[in-house]
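Each remark here refers to the structure printed beneath this line.
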Amino acid sequence: RIVYVNGAYLPEEEAKISIFDRGFIFGDGIYEVSAVIGGKLVDCEAHLARLERSCGEIRLALPWSKAELVAIHEELIRRNNLDEGGIYLQVSRGAADRDFPFPKDVQPTLVLFTQARNFVDAPGAKTGIKVVSTPDLRWARRDIKSVNLLAPVLAKQFALESGAQEAWLTEDGVVTEGASSTAWIVKGKTLISRPLSHKVLPGITRKAVLAYLAESGFTFEEREFTLEEALDAEEAFITSATSLVMPVTSIDGHTIHNGAPGPTALRLREIYIDYARKGGVL
Ligand code: PMP
């Protein structure tokens, strides 16, 4: 695999960053994950807009333009001959002797790599995935896509050990979001997902699904829902750049939609895949 690090395209074994990198020492960095489907980047502009916003919120000035960042993505797709998979981008405040405040005259570190994966033919798309709930232990600015992922790591490990594929994080009985996805439930023709705030990451896939609602004949009710309500839902699903739209068929061992993917989730997945194949529009 050819990866990108600070201006260079290198075989992954040769790519190196400093042990003093603030991403490593403090988690002082931001990341993004975009999908490639059929060799095309999906909603790259929207992911980069979110990257710029996240960096702005932590006062990390990005020395690269959006166009330069898109070009790096495209070059990695080309060099790795990537047809389907994810592209991970991480920017940190750079490497400097360890001290909490921002270092002076330090260049941010930029790393990108690809991960070839089957997103469209993911096994969960046919069977649905299992979800378990766990308390949301994250910080108060989850709208910033920071590289501090210890709480999601623990939640995902709990999910794995529970035989599930995703964790739904809860706070005062309310589902905030998935450990790495937006959480949705369905009532009739209505899709329910919580409003954006500092408590959740503003999902790009969420935005794309909403942009297509009118066309698909569904309505959107933007509100919080409790875990209890989710256990009783007609359908449930998650969205993210890498899971696309993924039906949920079990929550905490309670079967959803008789344990089979629901028609709403499957229809939205189909619409989203068509949209993604064109590279998205956001
Ligand atoms: N919430 C969290 C906590 C996430 O990590 C992700 C994945 N980036 C999402 C939601 C979904 O965001 P997106 O649709 O932009 O991938």
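None of the figures in this text is laboratory data; all of them are computed from the coordinates on show. In this text, all values refer to a predicted model and were calculated from it rather than measured experimentally. Reconstructed Cβ throughout: ideal geometry from the backbone, glycine too, with neighbour counts over all protein chains shown.
Couple of notes before you dig in:
- Between the amide H of residue 187 and those of 192, distances stay under 5 Å, these residues lying 5 or more places away or on another chain, with hydrogens modeled in the peptide plane.
- Annotation for residue 148 and residue 227: the two label points, set 7 Å from Cα along the Cα-Cβ direction, are 2.3 nm apart.
- Extension gain from residue 267 to residue 66, taking 0.36 nm per residue of separation minus the Cα-Cα distance: 69.1 nm
- Segment 2-116 - Debye-derived log10 I(q)/I(0), Cα point model, q = 0.14, 0.18, 0.23 Å⁻¹: -0.56, -0.91, -1.34
- Couplings 3J(HN,Hα) of segment 162-169, computed from phi: 9, x, 10, 9, 8, 10, 9, 8 Hz, in residue order, whole Hz [Karplus 6.51 cos²θ - 1.76 cosθ + 1.60, θ = phi - 60°; x for Gly and Pro].
- Euclidean distance between Cα centres, segment 171-195 to segment 240-282, Å: 13
- Pairs from the list 189/278; 40/156; 126/207; 40/66; 16/104 with a Cα-Cα gap above 19 Å: 189/278; 40/156; 126/207; 16/104.
- Averaged over residues, the count of other Cβ atoms within 10 Å places the peptides 88-94, 55-61 in the sequence 88-94, 55-61, highest first.
- Cα radius of gyration and Dmax for segment 124-277 (Å): 14.2, 39
- Segment 52-86 versus segment 93-107: alpha-carbon centroid distance in Å: 22
- Helix 44-57 vs. the chain, principal-axis angle (Cα, 0 to 90°, nearest 10): 70
- Computed [θ] at 222 nm, helices only, for the chain once each DSSP H run of length n ≥ 4 contributes -39500 (n - 2.57): -8000 deg cm²/dmol
- Each of residue 161 and residue 19 was given a label point 7 Å from its Cα along the Cα-to-Cβ line. The distance between the two points is 3.0 nm.
- Using θ = phi - 60° in the Karplus curve 6.51 cos²θ - 1.76 cosθ + 1.60, the 3J(HN,Hα) couplings for segment 198-205 round to 5, 7, 9, 7, x, x, 6, 5 Hz; x is entered for Gly and Pro.
- Rel. contact order, % - alpha carbon contacts under 8 angstrom, at least six apart, the chain: 20
- Phi-derived couplings, Karplus 6.51 cos²θ - 1.76 cosθ + 1.60 at θ = phi - 60°, listed residue by residue for segment 23-39: x, 6, 6, 10, x, 8, x, 10, 9, 9, 10, 10, 9, 10, 10, x, x Hz, with x used for Gly and Pro.
- Cut-off under 5 Å, modelled amide H: who pairs with residue 176 long-range: 169, 170, 171
- Packing-based order for 256-266, 12-22, using average beta carbon neighbours within 10 Å, highest first: 256-266, 12-22
- Here, segment 99-189 is characterised by an Rg to Rh ratio of 1.07, where Rg is the alpha-carbon radius of gyration and Rh the Kirkwood radius.
- Computed across the chain, the Kirkwood radius stands at 19.6 Å (inverse of mean 1/r, all Cα pairs).
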